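Right, one structure below, let's go through it.
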Amino acid sequence: MIRQLKDFKITPDNSFYGTGRRKESIARVWLVKDTDKQIVKAKNSQKEFYLKDYVQRETLYYKVLYPLRLTGLEGKFGIYATVEGGGISSQAEAIMYGIAKAILKYNPELRQTLKKAGLLTRDAREKERKKYGLMKARKGYRWSKR
């Protein structure tokens, strides 16, 4: 049985949308007015979790909410996010980036604050591809002369 935590409608009138990406993770984030729920839907399992339960670590939870705390909007919006790909840590950073972009849709005047904190810069570091003849991207096999 799949738990249904989302009991609110997302419409263009009551929500602001932002997409966040980090490594292999993609997060679609909606900031929803008139609710205080923070829900994450994992695409691979189709289950919904409370944000705090999903990210598991306290540090990641505070990192996700950092854009809201920085702009003074904490508690004014509920969060609904769908995430796919990557691990928990990169998904949490993708959600954080998505929240920052959604805040810009809500109030473009907060751009300077978010920019100064480095929340509008996408972290473009990706995993380097594996090359043939090597174990990983750069790690080679142990060389023996004889």
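No value in this document is a laboratory result; all are computed from the given coordinates. Predicted, not measured: the structure shown is a model, and the values here were computed from it. Positions of Cβ are generated from backbone atoms using ideal geometry, with glycine treated the same way; all protein chains shown enter the neighbour counts.
A simple rule links phi to the HN-Hα coupling: the Karplus curve 6.51 cos²θ - 1.76 cosθ + 1.60 with θ = phi - 60°, which for region 137-146 gives 5, 10, 6, x, 7, 5, 8, 10, 5, 10 Hz, with x for Gly and Pro.
Treating r as the C-beta distance of Thr11 and Lys127 and R0 as 30 Å, the FRET efficiency rounds to 0.20. Nearest 10 degrees, 0 to 90: what angle lies between the long axis of helix 88-106 and the longest principal axis of the chain (Cα atoms)? That works out to roughly 40 degrees.
Remark: the Lys116-Leu134 segment gains 2.4 nm on full extension, using 0.36 nm per residue and subtracting the alpha carbon distance.
Taking every DSSP bridge with both residues inside the chain, close to 80 percent are antiparallel.
The residues Ser45, Ser15, Ser90, Ser144, when put in order of fewest to most other Cβ atoms within 10 Å, stand as Ser144, Ser45, Ser90, Ser15. Magnitude of the charge dipole for region 57-146, about its Cα centre and with charges confined to Cβ atoms of Lys, Arg (+1) and Asp, Glu (-1), is about 980 debye. Think of it as helices only: each DSSP H run of n ≥ 4 in the chain is worth -39500 (n - 2.57), and spread over all residues that comes to -9000 deg cm²/dmol at 222 nm. Listed by chain and number, the lysines placed with their C-alpha closer than 21 angstrom to that of Lys9 are Lys33, Lys37, Lys41, Lys43, Lys47, Lys76, Lys101, Lys105; residues fewer than eight positions away on the same chain are left out.
3J(HN,Hα) along region 55-60: 6, 6, 8, 4, 5, 5 Hz, from the Karplus curve 6.51 cos²θ - 1.76 cosθ + 1.60 with θ = phi - 60°, whole Hz, x for Gly and Pro. Packing-based ranking of 77-85, 109-117, 135-143, 96-104 yields 96-104, 77-85, 109-117, 135-143, ordered from highest to lowest mean Cβ neighbour count within 10 Å.
Computed over region 1-125, the Cα gyration tensor eigenvalues convert (square root of 5λ each) into semi-axes of 21, 18, 12 Å, ordered from largest to smallest.
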